[in-house]
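The structure appears right after this line, and notes come after that.
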Amino acid sequence: MYRTKTCGELRQANVGEVVTLAGWVQRTRKMGGMTFVDLRDRYGITQIVFNNEVDAALCEAANHLGREYVVQITGKVEERSSKNANIATGDIEIIAQQLNVLSESATPPFTIEDNTDGGDDLRMKYRYLDLRRNAVRKNLELRHRMTILIRNFLDSRDFIEVETPILIGSTPEGARDFVVPSRMNPGQFYALPQSPQTLKQLLMVAGFDRYFQIAKCFRDEDLRADRQPEFTQIDCEMSYVDQEDVIEVFEGMARHLFKEVRGVDLPEKLQQMTWHDAMRLYGSDKPDLRFGMTFVELKDTFAGKADFAVFNEAAYIGGICVPGCAGYSRKQLDELTNFVKRPQVGAKGLVYIKFNEDGSIKSSIDKFYTAEQLLEVKEAMGAKDGDLVLILSGDNANKTRVQLCSLRLEMGERLGLRDKDKFECLWIVDFPLFEWSDEEQRLMSTHHPFTMPNPEDIPLLDSDPAKVRAMAYDFVCNGIEVGGGSLRIHDGKLQAKMFEVLGFTPEKAMAQFGFLINAFKYGAPPHAGLAFGLDRFVSIMAGLDSIRDCIAFPKNNSGRDVMLDAPSTIDQAQLDELFLDVKAPQE
């Protein structure tokens with residue numbers, strides 16, 4: 001065998017044993033007549049000692065080892081005279097008796113260390129080397145542990161894991177599909193699933209009343225830190241349940257994961273906040289509750305009190321109170337003004353009011369408003385001496401709230417309030433069932449067209465569908481949407497009405513979703529579901545800013561795999577087999 005022990009398991013109790021280790025050379029150090037080699041595998045690092053006085057030839061061979069050589073070493077375990085408390089094997093070392101080079105290595109393009117000198121693009125190109133780093137390996141081990149905990153939790157609650165197909169029909173309601181040409185059916189295409197949504201609903205019709213799947217999903221959409229073109233969902237569905245039943249089960253799963261993985265006790269009952277309150281108080285349907293600075297609407301406070309057109313003509317005026325920051329300098333305030341004017345935020349400007357410790361007031365609008373009027377703002381904001389109030393206004397309330405949300409998160413970041421070791425989770429409920437699409441010039445499903453409308457609002461489907469609430473719920477942690485789901489429509493007539501509101505003709509609805517419509521004719525139980533983003537969940541647990549480092553082989557922000565050089569062109573013979581012509585994009 002190549003090894004009898006791993007590089008992470010030897011302790012003082014093993015002193016005196018002769019062992020064989022195998023792994024990569026992390027580094028070598030020559031000190032007088034001795035050479036020290038740090039040998040690394042997935043489990044840890046062990047120090048190997050080569051003594052020139054004991055075996056000169058062996059020591060000379062060790063001197064020629066390069067970084068990342070794969071070697072096999074046999075030797076005797078001894079207690080270290082100079083112990084290393086930073087590694088688990090730091091109390092022992094191996095006195096080498098035999099060295100066998102299994103594989104030589106070129107000089108790696110970056111150091112295989114926790115704090116590497118490799119940039120993102122370089123590490124993605126050589127991802128197989130990046131995965132050797134302790135920091136990245138730990139993320140994948142965490143991912144593995146979480147999937148085991150999830151499977152065991154759901155299995156203990158009578159869920160059955162069922163695999164659904166990867167090659168399905170295209171249902172372009174929502175994000176763009178990735179499509180796959182069919183050689184055996186010329187001119188026709190499969191799609192890769194954006195989620196197993198309709199398939200898991202069919203499993204409910206089939207009587208599998210508790211389903212789950214660790215499911216691969218695909219969406220052809222623009223990328224950012226928490227998105228990849230392919231991602232993994234903890235996908236679940238249940239029959240004969242209402243909204244609170246689903247929330248109870250998956251709140252329990254989240255509580256179990258946080259306890260087992262991070263030793264964190266979530267509250268026995270998580271807060272539920274309506275979508276309207278989340279937007280009103282935080283400007284986001286995924287609010288970060290690790291810190292305060294909730295929005296205060298100030299239109300009535302400023303109404304008609306000065307000749308200041310910016311406020312007088314605004315549809316919305318809102319502010320946040322930043323505790324203890326009245327001492328901000330002009331430079332710092334200019335930085336914040338430039339921040340909100342960035343295209344990503346889109347505000348036209350920023351108003352500040354500093355309520356100084358000595359009781360004085362300094363503001364960017366003090367030439368328009370008296371000190372007494374600004375004190376009214378102080379009272380409305382609940383501000384104290386020493387606080388800074390930041391105000392945005394605009395002609396669209398929701399748009400301005402979203403801008404104010406960006407400012408709030410920026411202040412939370414600057415003040416160190418977004419602690420990655422603190423976790424604040426909640427459910428967002430009562431989403432709008434529809435949202436207006438400027439691109440499509442019609443109402444679109446906020447989640448998907450199978451979401452149950454709130455029974456109280458069903459009459460509004462005919463008169464005012466924009467006001468209909470969805471029986472939907474999102475699980476949010478630290479300002480990140482980790483998962484979401486809804487009660488599903490199980491009545492064929494209501495589903496047909498939903499398609500009608502969305503602008504589907506009966507023929508189009510049947511063409512795209514006929515398999516589901518027909519299935520409902522044979523007795524569909526009430527059902528509901530939820531899907532957590534596994535990548536996002538792991539990244540939160542690991543304290544990462546991006547999901548890329550908890551995925552073995554991720555894509556970059558352009559959707560490319562720079563290691564595999566994918567996507568790439570295919571040769572003409574393959575195109576001919578698929579009856580495809582490629583049209584070059586116009587400049």
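The values are calculated or read from the model by the stated rules, or taken from the named source; none is laboratory data. This is a predicted model, so every value here is computed, not measured. Ideal geometry is used to build each Cβ from the backbone, glycine not excepted, and the neighbour counts take in all protein chains shown. When the accessible area is computed, the model is the full protein with side chains, heavy atoms only, and any ligands, DNA or RNA have been set aside. Shrake-Rupley method; radii C 1.70, N 1.55, O 1.52, S 1.80 Å.
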Taking helices (runs of 4 or more DSSP H) that do not extend beyond the stretch 189-300, which have at least 1 residues that are at pLDDT 95 or above, of a type in the set (Phe, Trp, Tyr) and within 18 Å of Glu424 (Cα to Cα)?
243-257, 275-282
Count, please, the residues in the stretch 93-134 that happen to be in a helix (DSSP H, G or I), within 29 Å of Phe50 (Cα to Cα) and not acidic (Asp, Glu).
2
Check whether at least one residue in the stretch 282-298 is open to solvent by 40 Å² or more (accessible area, probe 1.4 Å) and farther than 25 Å from Ser363 by Cα, and report yes or no.
yes
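Yes/no matrix, rows are residues, columns are (1) closer than 16 Å to Gln228 by Cα; (2) acidic (Asp, Glu); (3) open to solvent by 30 Å² or more (accessible area, probe 1.4 Å):
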residue: Ala511; (1), (2), (3): no, no, yes
residue: Leu516; (1), (2), (3): no, no, no
residue: Arg536; (1), (2), (3): yes, no, yes
residue: Ala552; (1), (2), (3): yes, no, yes
residue: Ser558; (1), (2), (3): yes, no, yes
residue: Met563; (1), (2), (3): yes, no, yes
residue: Ala573; (1), (2), (3): no, no, yes
residue: Lys583; (1), (2), (3): no, no, yes
residue: Gln586; (1), (2), (3): no, no, yes
Sole residue being surrounded by fewer than 19 Cβ atoms within 10 Å (Cβ to Cβ), β-branched (Val, Ile, Thr) and touching a residue at least 24 places away in the same chain (Cβ under 8 Å), chosen from Thr451, Thr446:
Thr446
Could you go through the stretch 308-315 and let me know if any residue there is open to solvent by 30 Å² or more (accessible area, probe 1.4 Å) and in a loop (DSSP other than H, G, I, E, B).
yes
What single numbered condition from (1) open to solvent by 30 Å² or more (accessible area, probe 1.4 Å); (2) touching a residue at least 24 places away in the same chain (Cβ under 8 Å); (3) closer than 27 Å to Tyr126 by Cβ fails to hold for Ser568?
(2)
Which numbered condition Asn139 misses (of (1) surrounded by fewer than 17 Cβ atoms within 10 Å (Cβ to Cβ); (2) under 18 Å from the mean Cα position of the chain (by Cα); (3) more than 27 Å from His447 (Cβ to Cβ))
(1)
Scan the stretch 51-89 for residues that are out of contact with any Asp or Glu (no Cβ under 7 Å at 6 or more places or on another chain), within 23 Å of Asn134 (Cα to Cα) and without any contact (Cβ under 8 Å) to a residue 24 or more places away in the chain and jot them down.
Ala85, Asn86
What helices (runs of 4 or more DSSP H) completely inside the stretch 453-568 contain at least 2 residues that are under 30 Å from Tyr128 (Cα atoms)?
534-542
Please specify each residue of the stretch 128-183 satisfying the condition of being touching a residue at least 60 places away in the same chain (Cβ under 8 Å), over 30 Å from Gly503 (Cα atoms) and in contact with a strand residue (DSSP E or B) (Cβ under 8 Å, 6 or more places away or on another chain).
Arg132, Thr147, Ile150, Arg151, Leu154, Arg157, Phe159
In the set Leu375, Leu443, Leu407, the lone residue that is outside any loop (DSSP other than H, G, I, E, B) and at pLDDT below 95 is Leu443
Would you mind telling me which numbered condition in (1) over 27 Å from Ile150 (Cβ atoms); (2) open to solvent by 60 Å² or more (accessible area, probe 1.4 Å); (3) in contact with a Lys or Arg (Cβ under 9 Å, 6 or more places away or on another chain) Lys305 fails?
(3)
Among the residues of the stretch 61-82, write down those that are over 20 Å from Thr107 (Cα atoms), open to solvent by 70 Å² or more (accessible area, probe 1.4 Å) and outside any strand (DSSP E or B).
Ser81, Ser82
Can you pull out the residues in the stretch 25-40 that are surrounded by fewer than 18 Cβ atoms within 10 Å (Cβ to Cβ) and either more than 14 Å from Ile92 (Cβ to Cβ) or modelled with pLDDT under 95 (or both)?
Arg27, Arg29, Lys30, Met31, Gly32, Gly33, Met34
I'd like to know if the stretch 384-397 contains one or more residues that are assigned to a loop (DSSP other than H, G, I, E, B), among the β-branched types (Val, Ile, Thr) and farther than 19 Å from Glu313 by Cα.
no
Answer yes or no as to whether Ala524 is loosely packed, with under 12 Cβ neighbours inside 10 Å and under 21 Å from Ile168 (Cβ atoms).
no
Among the residues of the stretch 340-349, is there at least one that is open to solvent by less than 70 Å² (accessible area, probe 1.4 Å), of a type in the set (Val, Ile, Thr) and touching a Gly at 6+ places or on another chain (Cβ under 8 Å)?
yes
Condition check: closer than 26 Å to Leu433 by Cα, free of Cβ contacts under 8 Å to residues at least 12 places away in the same chain and open to solvent by 20 Å² or more (accessible area, probe 1.4 Å). Does Asp222 satisfy that?
yes
Could you list all residues from the stretch 142-177 that are part of a loop (DSSP other than H, G, I, E, B), open to solvent by 30 Å² or more (accessible area, probe 1.4 Å), at pLDDT 95 or above and not aliphatic (A, V, I, L, M)?
Ser156, Arg157, Asp158, Glu163, Pro165
